[in-house]
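K.L.:
Below is a structure I'd like to ask you about.
The values are calculated or read from the model by the stated rules, or taken from the named source; none is laboratory data. Since the model is a prediction, treat every value here as computed from it, not as a measurement. Don't worry about glycine lacking a Cβ; one is built from the backbone with ideal geometry, like all the others, and counts go over all protein chains shown. For accessibility, only protein heavy atoms count, side chains too; no ligands or nucleic acids. Shrake-Rupley method; radii C 1.70, N 1.55, O 1.52, S 1.80 Å.
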Amino acid sequence: MQISVSLQYLPILLVAGIVFIIGVAMVTINKFLSVKRPYPEKRVAYECGLPPTGQPRHRFSIKFYAIAILFVVFDVEAVFLYPWAVTFDQIGLFAYVEMVIFIILLLVAYFYAWIRGAFQWE
Amino acid sequence: MDAKTLYDAADHFLLKYTGLSLIKGLVLVVITLLHVAYATYAERKVIGRMQQRIGPNRVGPRGLLQPIADVLKLLTKEDITPDCVDRPVFMIAPFISLVAGATSLAVIPIWQNFVVANVNCALLVILALSSLSSFGVILAGWGSNSRYSFLGGLRASAQVISYEIAMALALVGVMMLAGSLNLIDIVKAQINSPFKMFAIPQIIGFFVFMVAAIAETNRTPFDLPEAESELVAGYFVEYSAMRFALFYLAEYFGMIVMSMVAVICFLGGWYGPFPIPGIPFFWFLVKLYFLIFFYIWVRATLPRYRYDQVMGLGWKILIPLALLNIVITGLIKVLA
């Protein structure tokens, strides 16, 4: 019998479920077998043995935001490239030239980010 | 045939299909879990030998029962949850890591007749799941509400998304040569290549993929998120007992899945120089074990990079190389 497309993906969900159940089972067994002797010092966030000072979630470098935005740009590019790559044999030279132009346009933006120091960490 | 018989047939088929996939998935996950356990043993033993030590040798003959002893020890450890954590996020993070790391196994064909889910977009599923696994890291770093975890999670997320791009672009060359995203089709397309593998025509892509795979799984020389000399243990500082072990499991699952993808996309999957009668997946396992050994070998050989070097390598070298690979592959295919 022919399997419909949505059914083809069902086993992925099943495997995810199996892995999740194995994880939950291990944590549950751990709960029953473990010793429990909590005291206040144990339940403090680790900071080299001293009591933690100040806010742990302090401000961080703007670089991380820049990297995240560049990631979105390049990931969308990768998504554009996939259907092109899979059908490459059928669409031939014209599509190849088009994609090279697309990549060159993207490289312009890439080198702009490079010159403005987006990849510079010091 | 009336409607009711048809309905019953479909119902019966669905039950059979679900049950069969469940059994297949269970077998695959359990076998991989055993591989994960013995990968830790192999890692300690191989690195020990490379550093002129013996490695574990007390538990069982030649230390062969060491992974089992490790699991038993972890099961009896105290599970400490610090007071300051964001509880729901803290609880869910290891499971996200583990499930996203291990579910990719479902689409990987061990040989042409054994794959749990034979889907057309298998490669896309793998890339999507490897993106999801970075959420586990980010949420663990954020939810722990500890300084080291926060910095580790921040570093890890930036590193993982950077190398994700390089990896995604490195695979485009393979898709162009195979003309498919289905992993079985990709393996079958390699039979006409030299040595029955894409590693020769896609040598740049293979290089980029391997470097990116090591960085994606946060292993030495790219293990900055957990650089113990600066960040203690990075994003899982606050985790203990089995929750800590889940992160470790996720890392090793990731390593094995990435090796499997490399074997399938670049090293010709189950094809070998000559067929071995009776064991159709023999060559798949040989290549897989070699790549896992390669990971361990790299860890024993190279020192850790600085953070600016890691980001520089990803953005300034690997991404341009991967784009160049796409252009060259296309040019060769257009001219041929």
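K.L.:
As a test of the definition: with a 1.4 Å probe, what buried accessible area, both sides summed, do you compute for B against A, in Å² to the nearest 100?
P.N.:
Accessible area lost upon association: around 7000 Å².
K.L.:
Tell me, what is the Rg over Rh of chain B, with Rh the Kirkwood radius over Cα pairs?
P.N.:
Numbers: Rg = 21.3 Å, Rh = 21.4 Å.
So for chain B, dividing Rg by the Kirkwood Rh gives 1.00.
K.L.:
Under a Cβ-only charge scheme (Lys and Arg +1, Asp and Glu -1), can you give me the dipole magnitude of segment B:81-335 about the Cα centre, in debye to the nearest 20? Write out the running numbers ahead of the final one.
P.N.:
On the way: 13 positive and 12 negative charges, 114 e Å.
So the magnitude is around 540 debye.
K.L.:
Assuming a viscosity of 0.890 mPa s and a temperature of 25 °C, what translational diffusion coefficient in µm² per second does Stokes-Einstein assign to segment A:2-115, Rh being the Kirkwood radius over Cα pairs? Write out the running numbers ahead of the final one.
P.N.:
Details: Rh = 21.1 Å.
It diffuses with D of about 116 µm²/s by this estimate.
K.L.:
Then there is this: Restricting to DSSP H runs of at least four residues, report the calculated mean residue ellipticity at 222 nm for chain B, -39500 (n - 2.57) per run over all residues, nearest 500 deg cm²/dmol. Each step should come with its number before you reach the end.
P.N.:
Details: 12 runs with 222 residues, N = 336.
For chain B, the value works out to -22500 deg cm²/dmol.
K.L.:
With springs only between Cα atoms under 10 Å apart, run a GNM on chain A and tell me which of A:Phe74, A:Phe102, A:Phe20 wobbles the most.
P.N.:
Per the Cα network of chain A with a 10 Å cutoff, A:Phe20 tops the list.
K.L.:
Moving on. Taking a cut-off of 28 Å, what percent of all Cα-Cα pairs in the protein assembly as shown are separated by more than that?
P.N.:
Working: 57557 of 104653 pairs.
When all Cα pairs of the protein assembly as shown are counted, 55 percent exceed 28 Å.
K.L.:
Would you calculate the volume per residue, in Å³, of the smallest convex hull containing every Cα atom of segment B:131-188? Can you show the working numbers first?
P.N.:
Numbers: hull volume 4.1 nm³, N = 58.
About 70 Å³ per residue, rounded to a whole number.
K.L.:
Additional query: How large is ³J(HN,Hα), in whole Hz, for each residue of segment B:132-141 in order, when computed from phi with the Karplus curve 6.51 cos²θ - 1.76 cosθ + 1.60 and θ = phi - 60°, using x for Gly and Pro?
P.N.:
For segment B:132-141, the Karplus curve yields 4, 5, 6, 4, x, 5, 5, 5, 5, x Hz.
K.L.:
For segment A:53-122, what is the Kirkwood estimate of the hydrodynamic radius, computed as the reciprocal of the mean inverse distance between distinct Cα atoms, to one decimal in Å? Write down the numbers at each step before the final one.
P.N.:
Numbers: mean 1/r = 0.0679 Å⁻¹.
So the Kirkwood estimate lands at 14.7 Å.
K.L.:
Follow-up question, since we're still on this one. Whole-Hz Karplus ³J(HN,Hα) for segment A:26-43, in order, using 6.51 cos²θ - 1.76 cosθ + 1.60 and θ = phi - 60°, x for Gly and Pro?
P.N.:
5, 5, 5, 4, 4, 4, 6, 8, 6, 7, 10, 10, x, 9, x, 5, 5, 8
K.L.:
Arrange the peptides B:134-141, B:67-74, A:78-85 so that the one whose residues have, on average, the most other Cβ atoms within 10 Å appears first. Please report the intermediate quantities before stating the final value.
P.N.:
On the way: B:134-141: 23.8, B:67-74: 15.2, A:78-85: 17.2.
So the peptides B:134-141, B:67-74, A:78-85, ranked by packing, come out B:134-141, A:78-85, B:67-74.
K.L.:
Follow-up question, since we're still on this one. Can you give me the relative contact order of segment B:129-273 as a percent, contacts being Cα pairs under 8 Å and 6 or more apart?
P.N.:
Details: 178 pairs, mean separation 46.7, N = 145.
With pairs under 8 Å counted, the relative contact order is 32 percent.
K.L.:
Counting only Cα atoms, I'd like the Rg/Rh figure for segment B:99-197, Kirkwood definition for Rh.
P.N.:
Working: Rg = 16.9 Å, Rh = 15.3 Å.
When Rh is taken as the Kirkwood radius, the ratio is 1.10.
K.L.:
Report, as a whole number in µm² per second, the diffusion coefficient that Stokes-Einstein gives for segment B:256-336 at 37 °C and 0.692 mPa s using the Kirkwood radius over alpha carbon pairs. Please report the intermediate quantities before stating the final value.
P.N.:
Numbers: Rh = 15.6 Å.
So the translational diffusion coefficient is about 210 µm²/s.
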